[in-house]
Amino acid sequence: MQTNRDHTWIVMPVYNEQASIAHVLDAWIPTFEKVLGDGNYTYCILNDGSKDNTAGILKEYAGKFPQINVVEKPNSGHGQTCILGYEMAMEAGAEWVFQMDSDGQCNPMYFEEVVNKSRDFKVVYGYRKTRDDGWKRFAISRIVTLFIWFATGVWVRDANVPYRYMHRSALEKLLPYVPKDFHLANILVSTYQQRHFRIKWVNIHFDDRFGGEPSVKVSLFAKHGIVMFKQLRAAFKSVK
């Protein structure tokens, strides 16, 4: 595969975000233009079966900005939608992939620092040192860290953070090993990358949602915690 040197794919899953998506695009597009350069990125927005007017808003923005690539797909959940975006980026020859969320919690003010760190590191993540989305989600993040440690022996500070800048070498060999039924697939990705590449962490503040409801419920983590533990342990053993 011939790569497009320094070209970045932004992978952003979207589900029922009509209340926030325009705000997110208006905030982030100028940042991508400034940091990455005009025409040096593809903004891949994967609409994961939204039932509201998200698709209409995305169509409007795609008509204005040629860098936006909207992918309409059936609902498969956040994690597997991210994996699809990563696979598309690899097929397109992207050198770098930045994954973010579409709910307004990812603040663009930290992006330039993340990109600058990538000059020396293959994988750079934001670490949600402070956050406005409540103590329950903070607690879940810490519990996930412990789950990963017990399942794999790898300590990942913020395994499900949606603020990650990754070189293709840290993705392409991993993706075939991600099970299609692994719901929180980004946790497996971050565990692999911490073990093999040592994630560089950049402190960020995580804003509260701009609007709408989260697609990944707090109750989902509790309900599927044991399943995730078993899946993570089994899947991680298969990745060399």
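The values are calculated or read from the model by the stated rules, or taken from the named source; none is laboratory data. The model shown is predicted, which means the values in this text are computed figures rather than measured ones. With ideal geometry, Cβ positions are generated from the backbone for all residues, glycine too; neighbour counts draw on all protein chains shown.
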Hits in the range 67-91 - residues which are among the small types (Gly, Ala, Ser), more than 17 Å from Tyr43 (Cα to Cα) and assigned to a helix (DSSP H, G or I): Gly79
Assess whether Val97 counts as being touching a residue at least 40 places away in the same chain (Cβ under 8 Å), under 15 Å from Pro13 (Cα atoms), in contact with a Ser or Thr (Cβ under 8 Å, 6 or more places away or on another chain) and not charged (D, E, K, R). yes
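The rows are residues; the columns are (1) farther than 21 Å from Phe111 by Cα; (2) in contact with a Leu (Cβ under 9 Å, 6 or more places away or on another chain); (3) among the aliphatic types (A, V, I, L, M).
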| residue | (1), (2), (3) |
| --- | --- |
| Met12 | no, yes, yes |
| Ser20 | no, no, no |
| Asp26 | no, no, no |
| Ile45 | no, yes, yes |
| Gly49 | yes, no, no |
| Ala55 | yes, no, yes |
| Tyr61 | yes, yes, no |
| Phe65 | no, yes, no |
| Ser76 | yes, yes, no |
Criterion (touching a Cys at 6+ places or on another chain (Cβ under 7 Å), modelled with pLDDT under 95 and among the hydrophobic types (A, V, I, L, M, F, W, C)) met by exactly one of Ala139, Ala151, Ala185: Ala185
Within the range 33-69, can you find the residues that are touching a strand residue (DSSP E or B) at 6+ places or on another chain (Cβ under 8 Å) and acidic (Asp, Glu)? Asp48
What number of residues within the range 152-179 are assigned to a helix (DSSP H, G or I) and within 23 Å of Thr81 (Cβ to Cβ)? 6
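State yes or no: is Ser141 polar (S, T, N, Q), over 16 Å from Met228 (Cβ atoms) and in a helix (DSSP H, G or I)?
Considered against the rule, which asks whether it is polar (S, T, N, Q), over 16 Å from Met228 (Cβ atoms) and in a helix (DSSP H, G or I), Ser141 comes out as no.
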Being surrounded by fewer than 23 Cβ atoms within 10 Å (Cβ to Cβ) and among the β-branched types (Val, Ile, Thr) is the filter here; which residues of the range 109-128 pass it? Val114, Val115
Against the condition among the aliphatic types (A, V, I, L, M) and either over 17 Å from the mean Cα position of the chain (by Cα) or more than 23 Å from Asp208 (Cα to Cα) (or both), how does Met100 come out, does it pass? no
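Residue-by-condition table, conditions (1) out of contact with any His (no Cβ under 7 Å at 6 or more places or on another chain); (2) more than 21 Å from Thr31 (Cα to Cα); (3) surrounded by fewer than 21 Cβ atoms within 10 Å (Cβ to Cβ):
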residue	(1), (2), (3)
Met88	yes, yes, yes
Asp101	yes, no, no
Asn107	no, no, yes
Asp132	yes, yes, yes
Arg142	yes, yes, yes
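Every residue, every condition in (1) in a loop (DSSP other than H, G, I, E, B); (2) modelled with pLDDT of 90 or more; (3) within 28 Å of Ser118 (Cβ to Cβ), yes or no:
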| site | (1), (2), (3) |
| --- | --- |
| Thr191 | no, yes, yes |
| Arg209 | yes, no, yes |
| Leu220 | no, no, no |
| Lys230 | no, no, no |
Selection count, the range 49-83, where residues are free of Cβ contacts under 8 Å to residues at least 60 places away in the same chain and over 26 Å from Asn116 (Cα atoms): 22
When the residues of the range 144-187 are filtered to those that are among the basic types (Lys, Arg) and farther than 16 Å from Phe206 by Cα, which remaining residue is surrounded by the most Cβ atoms within 10 Å (Cβ to Cβ)? Arg168
Within the set of pairs 6 or more residues apart or between chains, which connect a residue that is on the phi < 0 side of the Ramachandran plot and free of Cβ contacts under 8 Å to residues at least 40 places away in the same chain inside the range 135-159 to a residue that is in a loop (DSSP other than H, G, I, E, B) and of a type in the set (S, T, N, Q) with Cβ atoms less than 9 Å apart? Ser141/Asn160
